[in-house]
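Participant: Here it is: the structure, laid out below.
The values are calculated or read from the model by the stated rules, or taken from the named source; none is laboratory data. These figures come from a predicted structure and were not determined experimentally. Methodologically, a virtual Cβ is constructed for each residue, glycine included, from the backbone with ideal geometry; neighbour enumeration extends over all protein chains shown. All accessible areas refer to the heavy atoms of the entire protein, side chains included, with ligands and DNA or RNA removed. Shrake-Rupley method; radii C 1.70, N 1.55, O 1.52, S 1.80 Å.
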Amino acid sequence: QNDYTERYNDIKSNEEISSNNQKREFADVTSSSSIHAHIENQISVMRLSAYEKECVCTILQYIDDTGFLNTDIKIISENHDLHFDDVKFAIETIQKCEPTGIGASNLQECLLLQFNKLEKKPKFVEKLLTEHWPEFQKQNFLKIASQEKTSVEDIKNAFRFIKANFDPRPARQF
């Protein structure tokens, strides 16, 4: 297990708060909640029609434990007799929820969803996630630096930023 997982595994279901002898309950997100329930809670407060919420709940069935949507949109549309655009809308709605990156169809999309939510966008990060995706996956920093006419260190810094700030499995904590 890595540090990230260990921190989430340390969450207790009950935790004493000493101020004023009060006890607060903290949910153990690793067992009492699922990513699906977490998304459903967020969807319930959105201004959506009953049909739109139904579409979202249908899509949620196809989100795996890591937070990815691993089924082709056309198949979902056909299997549930939903209009293709309605399925796309439902996916986009899910992707607006937390944790960021949820509902992505692959790692690249997941990281781009997280990148797009940033207010300050570091140099080269978007290019690594789009134009240089195959080389980024191979960590071929020299080739990317050459193509971008920059230093290898600049590319490594962008890589480090991605690694430190983005989660490749957005539903990891559930």
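Participant: Here is a check on your reading of the model: is A171 free of Cβ contacts under 8 Å to residues at least 24 places away in the same chain, of a type in the set (G, A, S) and either part of a helix (DSSP H, G or I) or surrounded by 11 or more Cβ atoms within 10 Å (Cβ to Cβ) (or both)?
Facilitator: Here the answer is no, as A171 does not meet what is asked.
Participant: For the range 41-156, which fully contained helices (runs of 4 or more DSSP H) count at least 1 residues that are open to solvent by 60 Å² or more (accessible area, probe 1.4 Å), closer than 23 Å to D167 by Cβ and in contact with a Pro (Cβ under 8 Å, 6 or more places away or on another chain)?
Facilitator: 107-116
Participant: Identify, by number, the condition in (1) surrounded by fewer than 18 Cβ atoms within 10 Å (Cβ to Cβ); (2) in contact with a Lys or Arg (Cβ under 9 Å, 6 or more places away or on another chain) that R160 doesn't meet.
Facilitator: That leaves (2) as the condition not met.
Participant: So, in the range 93-112, how many residues would count as being within 17 Å of R47 (Cα to Cα) and touching a residue at least 24 places away in the same chain (Cβ under 8 Å)?
Facilitator: Going through the range 93-112 one residue at a time, the tally reaches 4.
Participant: Which condition number does K120 fail, the rest of (1) over 15 Å from the mean Cα position of the chain (by Cα); (2) touching a residue at least 24 places away in the same chain (Cβ under 8 Å) being met?
Facilitator: Among (1) over 15 Å from the mean Cα position of the chain (by Cα); (2) touching a residue at least 24 places away in the same chain (Cβ under 8 Å), K120 violates only (2).
Participant: Out of all the residues in the range 136-161, which are touching a Phe, Trp or Tyr at 6+ places or on another chain (Cβ under 8 Å) and under 17 Å from N106 (Cα atoms)?
Facilitator: Within the range 136-161, F136 is the sole residue that qualifies.
Participant: Let me ask something else about it. Within the range 137-152, does at least one residue satisfy the condition of being free of Cβ contacts under 8 Å to residues at least 60 places away in the same chain and under 19 Å from the mean Cα position of the chain (by Cα)?
Facilitator: Within the range 137-152, one or more residues are free of Cβ contacts under 8 Å to residues at least 60 places away in the same chain and under 19 Å from the mean Cα position of the chain (by Cα).
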